[in-house]
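Engineer: This is the structure I want to talk about, given as structure tokens.
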Amino acid sequence: MLGWEDMINVGMIGYQFMGKAHSHAFKDVAMFFQPRLQPVMKVLCGRTEDRLREAAQLYGWEETETDWQRLVARDDLGLIDIAGPNWLHAPAAIAAAEAGKHILLEKPMATSVEDAERMVAAVERAGVVHMVGFNYRRVPAVGLAKRLINEGALGEVRHFRGTYLQDWLVSPDVPLVWKIRRETAGSGAHGDLNAHQIDLARWLVGEIESVVGMSETFIRERPLPDGSGSGPVDVDDATAFLARFRTGALGTFETTRLAPGRKNYNRFEINGSEGSLVFNFERMNELQFYSTQDPAHARGFRTILATESDHPYISHWWPPGHVIGYEQTFVNEIADLLDCIADGKPAWPDFHDGLANQRVLAAVERSVETGRWEQVSA
Ligand code: SOE
């Protein structure tokens with residue numbers, strides 16, 4: 001067999017959107033990356049037996065399990081992928097760490113800073129590899145942005161401007177699914193989407209020192225999923241905040257799931273003393289770049305198609321111009337994770353990044369309550 005000596009048995013919790021994206025990645029990663037560890041899709045875990053069996057068969061998992069605690073305790077599994085609802089992240093990750101399993105955890109890390117701190121302590125004690133699935137770092141065009149910033153192409157970075165807009169909750173008829181309930185999600189658009197923007201900002205610009213925020217829930221009542229009536233919405237539809245980075249750069253962040261026409265409009269613009277970068281996930285293979293170093297008569301935003309072999313991950317995919325999609329970001333992510341496990345190296349972003357992210361999320365929520373600037377705890 002090409003490219004790998006070992007196998008690692010995987011158990012995954014969750015089979016909805018992220019479970020499907022991760023299943024596709026586990027199936028494709030060997031074909032495109034020949035990781036030093038080949039994943040074996042051993043056990044898929046979920047609550048509803050018939051739908052779980054159907055998903056396992058469709059996605060290619062060998063077995064099913066309806067009890068996540070039994071799953072993480074199995075001694076034949078090396079990697080636990082936690083792709084279920086946010087409320088389950090902490091108990092499942094702590095149990096998996098205590099069972100000595102490496103962990104891939106979907107974002108946001110947790111529903112509270114306290115839980116995230118307990119999760120970090122558990123993986124530190126266990127000495128396992130841990131990654132949080134902020135998959136937008138694995139977009140080649142975003143990796144190119146990181147490279148250009150590191151090369152000094154923007155000069156001194158002064159602004160990060162992040163917007164993450166969707167419209168799947170515009171209709172008041174969307175029922176109170178787990179992503180719209182504090183008990184199961186921890187927050188609404190804030191933890192779902194600002195978490196991604198905060199991760200990108202931390203990676204591309206640096207740590208956030210202080211924030212001031214505002215939130216709104218426009219649709220305050222939604223139908224219950226079982227059709228038995230309706231219930232109150234206790235999470236944000238939209239949260240926006242200002243930020244000061246430790247570098248002195250300024251940040252503006254806005255997220256909503258009620259922006260008609262914005263489907264997955266995950267955009268950032270970074271301005272520096274010598275240039276600007278613009279990324280918009282809805283055109284995910286492109287990065288816009290403006291440089292003050294270009295000759296004055298030729299200065300303007302240029303669109304770089306990030307599909308050349310020396311752009312991150314592209315050499316594993318297709319020839320130039322044969323663009324990639326959302327699902328490839330998870331293949332890229334899992335390829336890196338498998339190599340980190342094989343090499344005994346820390347993965348990135350890891351639970352420390354997840355905890356730092358939760359601390360920013362929490363500072364914004366404090367600010368929404370106090371109406372004042374809040375420091376992000378270190
Ligand atoms: C829903 O808002 C969602 O599925 C997010 O939870 C994902 O992280 C994002 O990649 C797509 O939109």
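The values are calculated or read from the model by the stated rules, or taken from the named source; none is laboratory data. Predicted, not measured: the structure shown is a model, and the values here were computed from it. Methodologically, a virtual Cβ is constructed for each residue, glycine included, from the backbone with ideal geometry; neighbour enumeration extends over all protein chains shown. These area figures cover heavy atoms from the full protein model, side chains too; ligands, DNA and RNA do not enter into them. Shrake-Rupley method; radii C 1.70, N 1.55, O 1.52, S 1.80 Å.
Engineer: Regarding segment 17-37, can at least one residue be identified that is in a loop (DSSP other than H, G, I, E, B), aliphatic (A, V, I, L, M), within 22 Å of residue 178 (Cβ to Cβ) and not assigned by TED's automatic domain parsing to the domain that holds residue 179?
Structural biologist: No: segment 17-37 contains no residue that is in a loop (DSSP other than H, G, I, E, B), aliphatic (A, V, I, L, M), within 22 Å of residue 178 (Cβ to Cβ) and not assigned by TED's automatic domain parsing to the domain that holds residue 179.
Engineer: Having 1 or more residues that are of a type in the set (Val, Ile, Thr) is the bar; report the strands (runs of 3 or more DSSP E) wholly within segment 180-257 that clear it.
Structural biologist: Once the strands (runs of 3 or more DSSP E) in segment 180-257 are filtered for at least 1 residues that are of a type in the set (Val, Ile, Thr), what remains is 208-216, 238-245, 250-256.
Engineer: Determine which member of the set 333, 269, 282 is within 16 Å of the ligand (Cβ to nearest atom), surrounded by fewer than 20 Cβ atoms within 10 Å (Cβ to Cβ) and either of a type outside the set (Val, Ile, Thr) or part of a strand (DSSP E or B) (or both).
Structural biologist: The unique qualifying residue is 282.
Engineer: Which of the numbered conditions does residue 174 fail, given that it passes all the others? Conditions: (1) surrounded by 24 or more Cβ atoms within 10 Å (Cβ to Cβ); (2) within 22 Å of residue 265 (Cβ to Cβ).
Structural biologist: (1)
Engineer: Suppose we filter segment 292-305 for residues that are among the hydroxyl-bearing types (Ser, Thr, Tyr) and either surrounded by 19 or more Cβ atoms within 10 Å (Cβ to Cβ) or within 24 Å of residue 322 (Cβ to Cβ) (or both); how many remain?
Structural biologist: Count: 1.
Engineer: Is it fair to say residue 108 is within 16 Å of the ligand (Cβ to nearest atom), closer than 21 Å to residue 333 by Cα and open to solvent by 10 Å² or more (accessible area, probe 1.4 Å)?
Structural biologist: no
Engineer: Taking only segment 187-238 into account, find how many residues are of a type in the set (S, T, N, Q) and more than 13 Å from the ligand (Cβ to nearest atom).
Structural biologist: Qualifying residue count, segment 187-238: 5.
Engineer: Then there is this: Name the pairs: first residue in segment 50-68 and within 15 Å of residue 16 (Cα to Cα), second residue assigned to a helix (DSSP H, G or I) and open to solvent by 50 Å² or more (accessible area, probe 1.4 Å), Cβ to Cβ under 8 Å, at least 6 apart or on different chains?
Structural biologist: Final answer for the pair search is 55/20; 59/20; 59/24; 59/27; 60/27; 64/49; 64/53; 66/49.
Engineer: Still on this structure: For residue 262, state whether it is within 16 Å of the ligand (Cβ to nearest atom) and in the same structural domain as residue 153 (by TED's automatic domain parsing).
Structural biologist: Judged against the criteria, residue 262 is a match.
Engineer: Among the candidates 124, 54, which residue alone is over 29 Å from residue 205 (Cα atoms) and charged (D, E, K, R)?
Structural biologist: Numbers: 124 fails: over 29 Å from residue 205 (Cα atoms).
Of 124, 54, the one residue that is over 29 Å from residue 205 (Cα atoms) and charged (D, E, K, R) is 54.
Engineer: Looking at segment 239-258, which of its residues are within 16 Å of the ligand (Cβ to nearest atom) and open to solvent by less than 20 Å² (accessible area, probe 1.4 Å)?
Structural biologist: 239, 253, 255, 256, 257
Engineer: Please go through segment 278-302 and pick out each residue that is touching an Asp or Glu at 6+ places or on another chain (Cβ under 7 Å) and under 22 Å from residue 196 (Cβ atoms).
Structural biologist: 278
Engineer: In a loop (DSSP other than H, G, I, E, B), open to solvent by 20 Å² or more (accessible area, probe 1.4 Å) and out of contact with any Asp or Glu (no Cβ under 8 Å at 6 or more places or on another chain): which single residue out of 308, 369, 365 fits that description?
Structural biologist: Going through 308, 369, 365 in turn, just one is in a loop (DSSP other than H, G, I, E, B), open to solvent by 20 Å² or more (accessible area, probe 1.4 Å) and out of contact with any Asp or Glu (no Cβ under 8 Å at 6 or more places or on another chain): 308.
Engineer: Shifting gears a bit: Select, from 102, 24, 89, the only residue that is closer than 24 Å to residue 348 by Cα, within 16 Å of the ligand (Cβ to nearest atom) and open to solvent by 10 Å² or more (accessible area, probe 1.4 Å).
Structural biologist: The conditions single out 24.
Engineer: Something else: In segment 338-362, what residues are assigned to a helix (DSSP H, G or I) and more than 23 Å from residue 193 (Cβ to Cβ)? Outline the logic, then answer.
Structural biologist: Just the residues of segment 338-362 that are assigned to a helix (DSSP H, G or I), to begin with: 338-343, 351-362.
Correct list: 338, 339, 340, 341, 342, 343.
Engineer: Something else now. Please enumerate the residues belonging to segment 111-151 that are touching a residue at least 60 places away in the same chain (Cβ under 8 Å), part of a helix (DSSP H, G or I) and under 10 Å from residue 351 (Cα atoms).
Structural biologist: 116, 117, 119, 120, 123
Engineer: Here is a follow-up. Cβ-Cβ distance below 6 Å, separation of 6 or more or different chains: which pairs start in segment 154-172 with a residue that is within 16 Å of residue 280 (Cβ to Cβ) and assigned by TED's automatic domain parsing to the domain that holds residue 222 and end on one that is open to solvent by 40 Å² or more (accessible area, probe 1.4 Å) and acidic (Asp, Glu)?
Structural biologist: Cβ pairs passing all conditions: 163/254.
Engineer: Let me ask something else. Scanning segment 125-147 for residues that are open to solvent by 20 Å² or more (accessible area, probe 1.4 Å) and closer than 20 Å to residue 285 by Cβ, which turns out farthest from the ligand (Cβ to nearest atom)?
Structural biologist: 147
Engineer: If you take the residues of segment 154-169 that are open to solvent by less than 20 Å² (accessible area, probe 1.4 Å) and farther than 18 Å from residue 264 by Cβ, which of them is nearest to the ligand (Cβ to nearest atom)?
Structural biologist: Ranking the qualifying residues of segment 154-169, first place goes to 160.
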